[in-house]
Structure formats: C-alpha cells, structure tokens
Amino acid sequence: MWLFQKFRLYEPHLRNREGVVSHECRHVERLQESLAAGHGILLAPNHCRTADPLVLGFLAKEAGTPLYCMASWHLFHQSWLTAWVIPRMGAFSVNREGIDRQAINTAMEILETAERPLVLFPEGAASRNNDHLHALLDISFLARGAARKRARLSPAGQVVIHPVALKYRFGGDLERQGDEVLTRIEQRLSWRPQRHLPLLDRVAKLGRTLLCLKEMECSGQTQTGTLAERLDGLINRLLCPLEQEWLGESRSGPVVPRIKALRIKILPDMIEGRVDEAERRRRWDQLADMYLAQQVSYYPPDYLQAYPSVDRLLEMIERFEEDLTDKVTVHGSLHVIIEVGPAIAVSPERDRSAEVDPLMSQLEEALQGMLDRLARESPKYRPRDAG
C-alpha cells in the first residue's frame, strides 16, 4: 500500500482509462481529526464513476493514512493483474449475491480495531449521475455492530461515518466530443446526424427515441404518460414478473434493492452449477432484464431539466454510449473534487420506533446536501452559437 501511495501508481490508470488528470481535496482536516481521536472510521462516498475507488487514493495520501475498501467479488476475477493489484491497494471482496458473513466480519473488525478507515459505497453500483444520489443500501447494521464492540472497550471507543462527496468537472470540448458520440449513435439508428439541433435538444431527442425502442422491445408498443411514468412502467414491466416468480409478489420502490433481492435467489444455483443448460440460459435472460431495469433507473427524468450543466450533459452522453456499446470512452480531461463531510457519530443502539434508520437518513441528507452544493460549481450548458 505504501508503494502505491508514495509513487502514485494509480495515477496513470486514472489518466489513461478514466480521463482524471487533476484533483482537489477539501476538508481533509475532518478526517484527520477522527484519525487523531482514534475513532473507527467509515468513509461513505457517492458512486458515480468507476474511477471513484482509485481517486480516494488522493484523499488517503493527503490525510496520511492507507484505506481499506470493500469491493464486489467479481472485480477480483476480471484478470490476473487485477486480482493481484486490488488486494495490494487495500481492497477485500464481498459477495453481494447473499450474506457474505466473512466480508461483514472483516469490515466490523476493521472498524472495531480502528486500524485504518474503511470505504463502503452505499449506492452499491456506479450510476454516472454525479449530482443525484440513488437509494442507499443499509450499512447501518455494520456500523452499529462495530460501535457496540468499541463501546465495550476500556476506555470506550467510538465509530464515526464521514460522508465523502465526489464531484467530477469536465475540462474538454463538449460540443466536439458530444457530436462525435451522438453522430455514431444516430448513424447506428440510420439517422442523419442531427447537428441542426443544439446539443441539449439533440440529447433529449435521442433519449426519447431510445426509450421508445425499449418500450417496443419489452411490450410491443410505446407507452403514454410523463417521462417519469414511462420509465417506472418500463422498470416494472421488467421486474414485476421476476418478482412474482422468485419472491412471490411484485414490489415497488428503489430499483437496486429490488434487483439485489432477485439476484440472491437466482444466482447461487448458477454459480454452483446446479442448473441445466436450458435453465441457465433462461436465468441469463432474466439477469439481462434486471440489468436493463437498473440502467433505466439511472436516467433520472428531471436530471438535465433541473440544472442543464455541462457535466450533467456529458454524463448523459456517456451513459447513452455505455448502454449502447458496453464501452466507456475517455472524452476529455476530468478534475475531481473530493470533499469530506463532518463526522456522524454512530450510536450502538437504533431507535426502533423510527420507520427509517435515523443513521441512514442522516447520511443520505448530508451526502445529498454536499452534492447539491458542488453541483452549482458546474457551468450551465450554453450552445456555442449563443456564446
């Protein structure tokens, strides 16, 4: 770990594969105060890009501490190089398709001993929505479990959560980069490039078209209603039949927890090889429907309209490209802001009378508030011909 930090060995990957060329850490002193106090520290960042785990290396270096990070087990099976590097950067695996008690116990031990801060991404997956926080997975049980153990120490110790806001600012030529991506997609649809439209209108037109195509694929016809209603309708058309089969009832609410509940039922027998080839193919089709539902949920209906910034427009273009080609292209230079929020003290006991865990509510409110403030640092999009 000291080798990666001392020589910043993560920077070439960030620069070449993610386009991150500069960084800025804010309020590092908040983390340093918790370190000096000897607290068990849980860092909870938003998760908008695949670069997120590596950019936290900048924070680790400025704070003068190595980090541990819980990472999905599939990352350890992508290549021999990845499997070798990730653990040496402080990551350990968690199997998200069930209850991975070994990973949970490891995380609790890290917080209990306060050896170094632990990073958990409560959104669960990279969303590419920098300014919008998706539903958080419940990490309070882990933090409270460690807090109970530290409370029994002599002298008693404490566990704190620091929300960490990650904000990426685009430094390239959005008109040129956006035109290149959109032209490829439009030609794939047999369109002539829609360069007569401002970039924002061009993106909106393409988004409506792609939604219509998915509605036709899934239900045989386009749907009516507001954009939010149509997106929800498509998601439920994909997930409700699966929930009826595997969970006994259709559900509602945030998409990622719904998909997690389905994957816990569908994947174990596939992983253990307990299904024949026909059933395996059927379940792969179901997993593909779940993945599509998750991707659809990452298009907040009012995201661009609420604040049409350069960075949000870039994110939408990148998401179109990623969903259609399954590839991520570096489109220009990115500057990342890493802001540490005030420590949230973790009580060993939960208020059972509260419908939602107050700790998770406090974390979500703090993190979204930080993202809202940082969002205003993004310049609004102005068509080039309008100056």
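The values are calculated or read from the model by the stated rules, or taken from the named source; none is laboratory data. These figures come from a predicted structure and were not determined experimentally. Neighbour counts are summed over all protein chains in view; Cβ atoms, including those assigned to glycine, are modelled from backbone coordinates with ideal geometry.
Comparison of D326, D289 shows that the only residue that is at pLDDT 95 or above and charged (D, E, K, R) is D289.
If you check V256, V203 for being under 22 Å from the mean Cα position of the chain (by Cα), β-branched (V, I, T) and buried (at least 17 other Cβ atoms within 10 Å of the Cβ), only one passes: V256.
For the stretch 219-243, enumerate the residues that are without any contact (Cβ under 8 Å) to a residue 24 or more places away in the chain and part of a helix (DSSP H, G or I).
Looking only at the stretch 219-243, we keep the residues that are without any contact (Cβ under 8 Å) to a residue 24 or more places away in the chain, and these are 219-225, 229-230, 232-233, 236-237, 240-241, 243.
S219, E229, R230, D232, G233, N236, R237, C240, P241, E243 - these are the residues of the stretch 219-243 that are without any contact (Cβ under 8 Å) to a residue 24 or more places away in the chain and part of a helix (DSSP H, G or I).
All of (1) crowded, with 19+ Cβ neighbours inside 10 Å; (2) within 18 Å of C218 (Cβ to Cβ) hold for L324 with one exception: (1). Q221 falls short on exactly one of the conditions (1) within 25 Å of the chain's Cα centre (by Cα); (2) exposed (fewer than 15 other Cβ atoms within 10 Å of the Cβ), and that condition is (1).
Number of residues in the stretch 327-343 that are surrounded by fewer than 20 Cβ atoms within 10 Å (Cβ to Cβ) and either in a strand (DSSP E or B) or among the β-branched types (V, I, T) (or both) equals 5.
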